[in-house]
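Please read the structure below before turning to the comments.
Readers should treat all values here as calculations from the given coordinates under stated rules, not as data from a laboratory. Note that the structure is a prediction, hence the values are computed from the model and not measured. Please note: Cβ atoms are built from the backbone with ideal geometry, for glycine as well, and neighbour counts cover all protein chains shown.
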């Protein structure tokens, strides 16, 4: 089956997350994620038989040149295909056509996410507690 990339709204997040995944998140973590997603201007879901991840950007203002990049991955989907990796790269490249820089955070303990974000072109800053900041600059 081919990888599917479809635009969704950030508000649809609550409908897409399974109860099992929801149970893994702390209440405040879920609220922060839902808030960022609801305020996002562009949200895409990548799937390959099942949802692999949802990604989006949330700029501070309509004229902002930087945007906050978030990516929610399905922790129960341990197999990510090359097609899915390429699809997320295309989505991020499209974000970078509109914004000069994407910024965000990875959990320091989540090495898999750090590798993925690094593959997308991220440069990491110094870890601050359980989070490590990153930025992805547009190549102009």
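Return 55, 61, 81 ranked ascending by Cβ neighbour count within 10 Å, so the fewest neighbours appear first. Let's see the in-between values first.
On the way: 55 23, 61 6, 81 15.
Placing the least packed residue first, the sequence is 61, 81, 55.
Does segment 79-140 classify as rounded, prolate or oblate by the C-alpha gyration tensor (a ≥ b ≥ c root eigenvalues; a/c under 1.5 gives rounded; else a/b over b/c gives prolate, otherwise oblate)?
Values: a/c = 2.84, a/b = 1.19, b/c = 2.39.
Because a/c hits 1.5 or more and a/b fails to exceed b/c, segment 79-140 counts as oblate.
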